[in-house]
Amino acid sequence: MEVDSVKEVFQRSEEKHNVKYAQYIGDGDNKTSKATLDLDPYNNDPKVMKKERVGHVEKNAWEPGSVMRRKQTRDSGEERALKCSVICARPTRRFTFLFTRVKMAKKKVDDKNSQNDDNTKNDGDLSSNDEEPNFSDPEGFVDDITDEELLGDILKQKPKETDGVESVILVDGVPQVGPNRIEKLKSVINKIFVKFGNIVNEYYPVTPEGHTKGYIFIEYSSPVHAAEAVKLTNNFKLDKQHTFQVNLFTDFAKYEQIPIKWDPPEPQPYQGQADLHYYLLEPDAYDQFGVVTAQGQSVQIWQNTQPDPTTVEDRNNWTQTYIKWSPLGTYLATFHKQGIALWAGPNFSQYKRFSHTGVQFIDFSPCEKYLVTYSPQGDPHNPDLKRIIIWDIRTGLEKRSFNPEAPLLYETPSFGLLDKKSIKINGIRDFNWSPTDNVVAYWVAEDKDVPASVTLLELPNRNEIRKKNLFNVADCKIHWQKSGDYLCVKVDRYSKIFHMREKQIPVDSVECKEPIQAFAWEPVGYKFAMIHGESPNINVSFYEVRVGQAPILLKKFEKRACNHLFWFVDTHEFLVMNTTDHYQMSDVEWDPTGRYVITGVSFWKTKVDTGYWIWSFQGKILKRINLEKFAQILWRPRPPTLLSEEKQKEIKKNLKKYYPQFESKDRMRQSKASKELIEKRAALMEKFQSYREQRIKEYLENKPRRLALRNNVDTDELDADTENVEEEIVEFFIKGRNNPSGLGHSG
């Protein structure tokens, strides 16, 4: 009977309900399930499958209204329910059905016959009635069981609207264009977002007229790429009127779950940032310098106190190659395989980390707002990683990344192309920014009949304010004067001096018939020096640049063994302060005040006698430090003074008033150092005397033992045993001297 009923349900499903049952789920006997599967009521379209589900009810989770209810039966006696869940094949809805078969329990023998008669009658009625059994809830039935209680495990598997869209981003603020400009818009948008990963799909909603609606959807191949695109393009300024607002598509679900009642966040304890400029508050204005040793990459930070430097910080494995200070001295950068770390504050705690595999070169912006990292080899495990990355130092976020190519000008803080245009300069070899103005100098190599040239380009209007052609030039070096008043372009045998502050920027030439080995501007002023000639006839010449005049030769030192310029002479009187040697010297570093200079012998040049010497500006040696595997030394820079020019002139004018104060401090420092040295020596002498007295006491206490060992012969004194003393007289001649006066002796 049960088999026939289930067969009938499957066979008439299309006729009565226009549905096909795809699954048979239940805990009935094998006869029913086997008969249903063998029936194949839909000719394998679909093929009915069996799914075991014992003692559970499975309901449809797609439609809110299709909820299974626990049924109540009016039959008395032991009941056994056959629960079947059949999924409908209709594309718009899915249904779940519950079939209940009542099987009467066996009763006692005395009333068994009467019960069997009732069952036979009921079965006959059911078989004779073609209507489908009514399983609707009785009148007044209240279901007090929630869906979560009944089908909690099934609801967890319910698909969500956001499933599969983790890689989709929504970009708002896109320009609204007509049908004829959509393709161009797509090209512009694609150039911006394709660099974050592979784009697999994009959708531009349009109005009935074909105009874009101002927002688009972009799907990446990976959620990681989508998250990176959101992080780096949100608030991206496309132009003056359009700024992107970028979100993940999954953010909608997050914002839908915001509670209606707002609870204010608990106040967090204030954590003050360490003073990043603490070193400028040193009462005696002592400068700091960093020292690196190779093959362990130990880094030491010293303070140049007098008479001996003192250690501020000493750490092993602080860097893997070398260190670099920021332009104003705020940060210390260390190099690692994974990237760059910045350290700051009194304890040199880590300020930020910048991940860039294989980085070898870095540069700070003049105001220390941005950091540029460059990895020449790139990351072999991540070919998409750009070799040049610009970072925001304060937030640690990446602002822009690209590979080396033609010169491109970007503006901050948007880091978009200046006027959305690149500068096309064919054959450019080198460029250099003016230290004070928005002027860039670059030179272009010769190309067939076109001579080489040096050009001054004014930004942002891109005007060529000066151009100078150079003939028979193989290489150029560009040197800006510190205040940006003059520019020197060094070529073989000639140096071109550009007068930047004069009308039409006149150019002067300084001819030198000998090869120029080195060039350097005076740190503060309008003089420059150059080393020229060939060994052993190497000369050093000093020039001064004046307004409206050609450079004037001030002084020439002939036959000097040198190859670098570090301005170690007084250029007012050209008085050589000192001349000395430091064998195999590889490094020269002036301190920010110009009062001290360090010379060093690096481990990268030689393996022996490495270390550094500290000199005064007069050329007097102050300290010699021999350091094994010494690799690098750098003074910590100082920011520009906050005093006005008038105040600086006033201080220089009245400098003699401060001399007694400084001399008093120096005497106190020297006396303090002398006092400390005397106290140190006295402590050592006292320690030695105590040790000596202790040993004399032990010597006297051991005298009886010595006598016992030596047959009571006292050998402590020379005259203690006269019997064993032998006296020997040795005669020898002494060479005489003549009487210098020539007079004889009286007598």
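You will find that of A344, A333, the residue that is in contact with a Ser or Thr (Cβ under 8 Å, 6 or more places away or on another chain), in contact (Cβ under 8 Å) with a residue 40 or more places away in the chain and of a type outside the set (K, R) is A344 and no other. Scanning the stretch 581-615 for residues that are open to solvent by 80 Å² or more (accessible area, probe 1.4 Å) and touching a residue at least 40 places away in the same chain (Cβ under 8 Å) yields one hit, W604. Within the option set V359, V372, being under 18 Å from the mean Cα position of the chain (by Cα), closer than 16 Å to I393 by Cα and aliphatic (A, V, I, L, M) holds for one residue only, V372. Among the residues here, Y203 does not qualify as of a type in the set (S, T, Y), at pLDDT 90 or above and within 27 Å of the chain's Cα centre (by Cα). Inclusion of Y279 among residues that are over 22 Å from the mean Cα position of the chain (by Cα), under 21 Å from I393 (Cα atoms) and either surrounded by 16 or more Cβ atoms within 10 Å (Cβ to Cβ) or not aromatic (F, W, Y) (or both) is warranted.
With respect to N201, determine if the residue is free of Cβ contacts under 8 Å to residues at least 40 places away in the same chain, surrounded by 10 or more Cβ atoms within 10 Å (Cβ to Cβ) and part of a strand (DSSP E or B).
Against the criterion (free of Cβ contacts under 8 Å to residues at least 40 places away in the same chain, surrounded by 10 or more Cβ atoms within 10 Å (Cβ to Cβ) and part of a strand (DSSP E or B)), N201 qualifies.
Of T334, T357, all but one fail to be crowded, with 21+ Cβ neighbours inside 10 Å and touching a Lys or Arg at 6+ places or on another chain (Cβ under 9 Å); the exception is T334. Figure legend. Inter-residue proximity from the stretch 510-522: first residues part of a strand (DSSP E or B), second residues polar (S, T, N, Q) and open to solvent by less than 60 Å² (accessible area, probe 1.4 Å), beta-carbon distance below 6 Å, spacing 6+ or different chains. Indicated pairs: V510/S495; W521/Q481.
Out of everything in the stretch 295-321 that is closer than 22 Å to W590 by Cα and part of a loop (DSSP other than H, G, I, E, B), what residue ends up being modelled with the lowest pLDDT?
Filtering first and then ranking leaves P307.
Would you mind stating whether K629 is closer than 19 Å to S298 by Cβ and open to solvent by 50 Å² or more (accessible area, probe 1.4 Å)? Against the criterion (closer than 19 Å to S298 by Cβ and open to solvent by 50 Å² or more (accessible area, probe 1.4 Å)), K629 qualifies. Taking into account only those residues within the stretch 437-451 that are open to solvent by 90 Å² or more (accessible area, probe 1.4 Å) and acidic (D, E), which is farthest from H479 (Cα to Cα)? The qualifying residue farthest from H479 (Cα to Cα) is D449. Look through the stretch 227-276, keep the residues that are outside any loop (DSSP other than H, G, I, E, B) and among the hydrophobic types (A, V, I, L, M, F, W, C), and return whichever of them is most open to solvent (accessible area, probe 1.4 Å). The selected residue is F252. The residue list S298, S326, S349 contains one member that is polar (S, T, N, Q) and open to solvent by 30 Å² or more (accessible area, probe 1.4 Å), which is S349.
Residue-by-condition table, conditions (1) assigned to a strand (DSSP E or B); (2) under 17 Å from G427 (Cβ atoms); (3) open to solvent by 70 Å² or more (accessible area, probe 1.4 Å):
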{"position": "P460", "(1), (2), (3)": "no, no, yes"}
{"position": "R466", "(1), (2), (3)": "yes, no, no"}
{"position": "A474", "(1), (2), (3)": "no, yes, yes"}
{"position": "S483", "(1), (2), (3)": "no, no, no"}
{"position": "L487", "(1), (2), (3)": "yes, no, no"}
{"position": "K490", "(1), (2), (3)": "yes, no, no"}
{"position": "F498", "(1), (2), (3)": "yes, no, no"}
{"position": "D508", "(1), (2), (3)": "yes, no, no"}
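Test I598 against the criterion of being outside any loop (DSSP other than H, G, I, E, B), among the aliphatic types (A, V, I, L, M) and either in contact with an Asp or Glu (Cβ under 9 Å, 6 or more places away or on another chain) or over 27 Å from E514 (Cα atoms) (or both), and give yes or no.
Against the criterion (outside any loop (DSSP other than H, G, I, E, B), among the aliphatic types (A, V, I, L, M) and either in contact with an Asp or Glu (Cβ under 9 Å, 6 or more places away or on another chain) or over 27 Å from E514 (Cα atoms) (or both)), I598 qualifies.
Screening D379 with (1) charged (D, E, K, R); (2) farther than 30 Å from T641 by Cβ; (3) open to solvent by 60 Å² or more (accessible area, probe 1.4 Å) gives one miss only, at (3). Within the stretch 410-435, residues that are at positive phi sit with their Cβ atoms under 9 Å from residues that are surrounded by fewer than 14 Cβ atoms within 10 Å (Cβ to Cβ), at 6+ positions apart or across chains, in these pairs: D419/E411; D419/P460; D419/R462; K420/D239; G427/D447; G427/V450. The condition of being outside the structural domain of S674 (by TED's automatic domain parsing) and either without any contact (Cβ under 8 Å) to a residue 24 or more places away in the chain or touching a His at 6+ places or on another chain (Cβ under 9 Å) (or both) holds for only one of P376, P309, that being P376.
Conditions (1) in a helix (DSSP H, G or I); (2) under 26 Å from K386 (Cα atoms), marked per residue:
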{"residue": "D144", "(1), (2)": "no, no"}
{"residue": "E149", "(1), (2)": "yes, no"}
{"residue": "G152", "(1), (2)": "yes, no"}
{"residue": "I169", "(1), (2)": "no, yes"}
{"residue": "Q176", "(1), (2)": "no, no"}
{"residue": "N180", "(1), (2)": "yes, no"}
{"residue": "K186", "(1), (2)": "yes, yes"}
{"residue": "K195", "(1), (2)": "yes, yes"}
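Restricting the stretch 661-684 to residues that are within 45 Å of the chain's Cα centre (by Cα) and under 15 Å from P283 (Cα atoms), the residue that is least open to solvent (accessible area, probe 1.4 Å) is R669.
When the stretch 634-655 is filtered for residues that are of a type outside the set (A, V, I, L, M) and surrounded by 10 or more Cβ atoms within 10 Å (Cβ to Cβ), the ones remaining, listed by number, are W635, R636, P637, R638, P639, K647, Q648, K649, E650. Taking the criterion of being of a type outside the set (A, V, I, L, M) and assigned to a strand (DSSP E or B), the residues of the stretch 322-351 that qualify are K324, W325, T334, F335, G339, W343, S349, Q350, Y351. Counting the residues of the stretch 352-371 that are within 16 Å of T334 (Cβ to Cβ) and assigned to a strand (DSSP E or B) gives 9. Can you tell me which of L397, L417 is closer than 22 Å to F193 by Cβ, open to solvent by 50 Å² or more (accessible area, probe 1.4 Å), at pLDDT below 80 and in contact with a Phe, Trp or Tyr (Cβ under 9 Å, 6 or more places away or on another chain)? Within the list L397, L417, the selection yields L417.
For D437, the test of being modelled with pLDDT of 85 or more and touching a Gly at 6+ places or on another chain (Cβ under 6 Å) is passed. Among residues that are β-branched (V, I, T), open to solvent by less than 10 Å² (accessible area, probe 1.4 Å) and in a strand (DSSP E or B), I531 is included.
The values are calculated or read from the model by the stated rules, or taken from the named source; none is laboratory data. Since this is a predicted model, take the numbers as computed values, not measurements. Counting neighbours? That spans all protein chains shown, and the Cβs are built from the backbone with ideal geometry, glycine included. Just so you know, the surface numbers come from the protein's heavy atoms only, side chains and all, with ligands and any DNA or RNA stripped out. Shrake-Rupley method; radii C 1.70, N 1.55, O 1.52, S 1.80 Å.
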